[in-house]
Each structure stands twice: as C-alpha cells, then as structure tokens.
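Comments concern the structure below.
The values are calculated or read from the model by the stated rules, or taken from the named source; none is laboratory data. Predicted, not measured: the structure shown is a model, and the values here were computed from it. As a convention, Cβ positions derive from the backbone with ideal geometry for all residues, glycine included, and neighbour counts pool all protein chains shown.
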Amino acid sequence: MGDEPAVHPTYARLLCAELQRRGHAPDEVLAGTGLGWAALQVGQRFLTRAQLHAVVTRATALCSERTLGLLAGLGTELSAHGALGMAGMSCDTVAQALPLLLRFSRLRQHLVHFELQVVDEHLALSLTELRPDPAVSAYVLGHLTGAVLRLMQSITGRDWRADVALDWPFDEPAADAAAWLPRTRFGAAAWRLLLPPALLAAPGLAPDPQAHQRALRDCEQLLAQLDRGDLVRRLRQRLVDELLHPPSLPALALEEHVSPRTLIRRLADDGTSYQELLDEARAEHACWLLSHSRLSVEAVAEQLGYVDTSNFSRTFKRWRGVTPRAFRQGGSDAD
C-alpha cells in the first residue's frame, strides 16, 4: 500500500452504490476509511492505494459475496469512465474499442496494465497487476471483468457473458459460483478474457466518427497532463533514492530521452524545476532525520551532502523558516 494514486473516485462511488442496493448506507461503507461520502461525491482526486484498501476491505466485510466486484463492474455505465467511456461508446466495433483500454485506462486507474494478443482465432485481453494488494485483488479484477463486459454490451447491445472465456486466478467460490461467467476457468495462472471473432466484428449500436475523434482528442490531452505529473513523480523518486549523490539535470534528461532544455521546459510547464525537486527531497529527508533520529545536525548535514554545516542551517531555514535545531525542538528560530 501507499499514498500513490490508485483509482478515480468514481469507482469507490460505484462500490458504495452496489452496497447501498444491499441495504448498507454509504456512510456505513466508508466508516473507518478516512473518507466521507459528501466529499467523495464531488471530488476528482484519485484514491490512494491505502484508501482503496480501506474501502474495499470494509465493503467486503459488510458483504461476503465473492461476486461483489463483478457485479459492481457490470453496473458501471460507460459514462462513468469519463472521456475514455465516451470514446468507447462511439466505436464502430468492440475490436476498435479494445486498444483504447491499453492506451487510456491509466486515465482512470493505476492498478493494472492491459495487453492484447491473438490466441488461435480469439483475441485475448490480459492484464498485469501493478504492485498487487492480495486483500483487494479479487475485487479489483472482478470489477474490471464486469466493466469490460459492460463495455462490450454497451457497444453492441448484446450480453456476451456466455460467449467469452474467463481465466480467473482464484479458486472457485463455495457459494455464488453460478453468478460467474459460464466459461470461467478457476485457479488459472493469470487473469485473461478470450474474445470470439463474432464479438469483435459485431457492429456498434451508435458509431459516431466525429464524436469518437473528439473523445480521442480529450483522452490524448488528459494523457499528456498525466504524463507530465508522472514525470515529476519519477524525477522526485530518483532524487530521493540517490540523495547523497543526486543525478544532475543533464543525467536525468538523458534517462528521459530528452534534451536538458526540454526537461527544463516540461518541469516549468508543471510548475516546478530541477532545483525545487532537489530542495524538496532534501528538505523532507532532513525533517525526517531531525524528527526520527538522534543524529546531530552536523551528521544530518553530512547525510544530505553538505560539507559546511552552517550552509546547511541557512538552507534549511530557507526551506522551513527555522533552523534545524529549532525545528528539532519544535519551537521558533533560536539558533
């Protein structure tokens, strides 16, 4: 778990709605998770992995149905997926929609990576979990299964559950087995959905090339914004990992396969700079050491790469408004 983004809050709302149909109010579902229903309804900020863990484990404690995720996914309207849903809704066929999952699904979730491959005459949609959480994996994969099936149904107007084959990487449940897809292979090595040619070629109910292109443009713009945020996270983590000898801006640019000038511009577009990221990483680490270790100020300065302790003290005061010793004492600047 952690505080990195995991899923769009829409999917927590959908889970609350599924539990509400079983008699559990949203506030009951969210009790003890640190999330409030009123804020969840209007917010757009991704839930963290820790928040997702808290919500799903609370929900599964209230409802023991093993099909909870599948049913929540099947109940997910395409409009709930934002621009990605609009792009899928306007596709000519399911075959046109599936590559959208590969490219744009991270606009809505950072939990899995989708892949497509041909297996005999079928197209296989598979996924790889990114840092799986065993406590919520079954729910997450169930929800994704249901959402993909709902996508296919919304495009074609037909329920394809009897036609696709599901590889399910969990044991067959003692109860609720009948609610699963008829062609489910339990205990599989990994999740996979085998799609027959008839499904892929089935015409869409409402193909709209102009609306599709508009939705694709929206998706690309959102993806570019997300990639800029990902860039900052990657660079910040690189600096944190090698704080004693941090990589230079040209070295980071080389890793990102761009010129130093381009990297400077991209960071500026995201409202930051190499020096600000480095200062932030150093400041956070310095605060942690001062708060959680018995290292002297001189030793803390050395760990951060400062030869001159007085220079470190001046820099720390610029970061936090107080000197390192005053910060450790929890008071005002008295150094």
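Could you pull out the residue among Ala224, Ala147, Ala215 that is out of contact with any Ser or Thr (no Cβ under 8 Å at 6 or more places or on another chain), under 22 Å from Thr10 (Cβ atoms) and among the small types (Gly, Ala, Ser)? Walk me through it before giving the result.
Numbers: Ala147 fails: out of contact with any Ser or Thr (no Cβ under 8 Å at 6 or more places or on another chain); Ala215 fails: out of contact with any Ser or Thr (no Cβ under 8 Å at 6 or more places or on another chain).
Only one candidate passes the filter, namely Ala224.
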Helices (runs of 4 or more DSSP H) enclosed by the stretch 1-65 - at least 3 residues per element that are of a type outside the set (Phe, Trp, Tyr) and over 25 Å from Ser79 (Cα atoms): 49-62
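What number of residues within the stretch 1-33 are farther than 24 Å from Leu84 by Cβ, at pLDDT 90 or above and not charged (D, E, K, R)?
Let us first name the residues in the stretch 1-33 that are farther than 24 Å from Leu84 by Cβ, namely 1-3, 19-33.
Applying the additional criterion that residues be at pLDDT 90 or above yields 19-33.
This time we only want the ones that are not charged (D, E, K, R), so: 19-20, 23-26, 29-33.
Of the residues in that region, 11 qualify.
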Please work out if Pro196 is closer than 22 Å to Leu19 by Cβ, over 27 Å from the mean Cα position of the chain (by Cα) and surrounded by 14 or more Cβ atoms within 10 Å (Cβ to Cβ). no
Looking only at the stretch 238-266, and only at residues there that are closer than 30 Å to Gln329 by Cβ and of a type in the set (A, V, I, L, M, F, W, C), the one that is surrounded by the fewest Cβ atoms within 10 Å (Cβ to Cβ): Leu244
Selection within the stretch 149-162 - closer than 16 Å to Gly69 by Cβ, in a loop (DSSP other than H, G, I, E, B) and not basic (Lys, Arg): none
Give all pairs with beta carbons closer than 7 Å in which a residue from the stretch 281-302 that is free of Cβ contacts under 8 Å to residues at least 24 places away in the same chain meets a residue that is of a type outside the set (Asp, Glu) and in a helix (DSSP H, G or I); count only pairs at least 6 apart in sequence or on separate chains. Leu289/Val300; Leu289/Gln303; Leu295/Leu289; Glu298/Thr309; Ala301/Thr309; Ala301/Phe312
Report yes if Ala135 is in contact with a Ser or Thr (Cβ under 6 Å, 6 or more places away or on another chain) and not assigned by TED's automatic domain parsing to the domain that holds Thr57, otherwise no. yes
Would you check if Arg21 is exposed (fewer than 13 other Cβ atoms within 10 Å of the Cβ) and among the basic types (Lys, Arg)? yes
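Quick check, is Ala189 free of Cβ contacts under 8 Å to residues at least 24 places away in the same chain, at negative phi and not hydroxyl-bearing (Ser, Thr, Tyr)? Break it down into steps so the answer makes sense when it comes.
On the way: free of Cβ contacts under 8 Å to residues at least 24 places away in the same chain: yes; at negative phi: yes; not hydroxyl-bearing (Ser, Thr, Tyr): yes.
Judged against the criteria, Ala189 is a match.
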Just to be sure I understand, how many residues within the stretch 86-105 are surrounded by fewer than 23 Cβ atoms within 10 Å (Cβ to Cβ), touching an Asp or Glu at 6+ places or on another chain (Cβ under 8 Å) and in contact (Cβ under 8 Å) with a residue 24 or more places away in the chain? 1
Somewhere in the stretch 281-299, is a residue closer than 30 Å to Ala83 by Cα and either at pLDDT below 85 or touching a helix residue (DSSP H, G or I) at 6+ places or on another chain (Cβ under 7 Å) (or both)? no
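Return the only residue of Glu284, Glu298 being farther than 25 Å from Leu249 by Cβ, out of contact with any Leu (no Cβ under 9 Å at 6 or more places or on another chain) and either in a helix (DSSP H, G or I) or not acidic (Asp, Glu) (or both). Before you say what the answer is, go through the steps one by one.
Working: Glu284 fails: farther than 25 Å from Leu249 by Cβ.
Within the list Glu284, Glu298, the selection yields Glu298.
Condition check: in contact (Cβ under 8 Å) with a residue 12 or more places away in the chain and either of a type in the set (Val, Ile, Thr) or closer than 13 Å to Thr67 by Cβ (or both). Does Leu166 satisfy that?
On the way: in contact (Cβ under 8 Å) with a residue 12 or more places away in the chain: yes; either of a type in the set (Val, Ile, Thr) or closer than 13 Å to Thr67 by Cβ (or both): yes.
Answer is yes for this residue.
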Near pairs, Cβ below 7 angstrom, 6+ apart or cross-chain, from the stretch 211-222 (farther than 12 Å from Met89 by Cα) to any residue that is assigned to a helix (DSSP H, G or I): Asp218/Ala83; Cys219/Ala83; Cys219/Leu84; Cys219/Ala87; Cys219/Phe104; Cys219/Leu107; Leu222/Ala83; Leu222/Leu107
Across the stretch 267-308, what is the total count of residues that are surrounded by 18 or more Cβ atoms within 10 Å (Cβ to Cβ) and either more than 13 Å from Val232 (Cβ to Cβ) or among the basic types (Lys, Arg) (or both)? 9
Looking for something more than 21 Å from the chain's Cα centre (by Cα) and among the polar types (S, T, N, Q) - is there at least one such residue anywhere in the stretch 11-34? yes
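Consider Arg103 carefully, then state whether it is in contact with a Leu (Cβ under 9 Å, 6 or more places away or on another chain), under 22 Å from Cys16 (Cα atoms), of a type in the set (Lys, Arg) and part of a helix (DSSP H, G or I). Break it down into steps so the answer makes sense when it comes.
Values: in contact with a Leu (Cβ under 9 Å, 6 or more places away or on another chain): yes; under 22 Å from Cys16 (Cα atoms): no; of a type in the set (Lys, Arg): yes; part of a helix (DSSP H, G or I): yes.
Spelling it out, it is not the case that Arg103 is in contact with a Leu (Cβ under 9 Å, 6 or more places away or on another chain), under 22 Å from Cys16 (Cα atoms), of a type in the set (Lys, Arg) and part of a helix (DSSP H, G or I).
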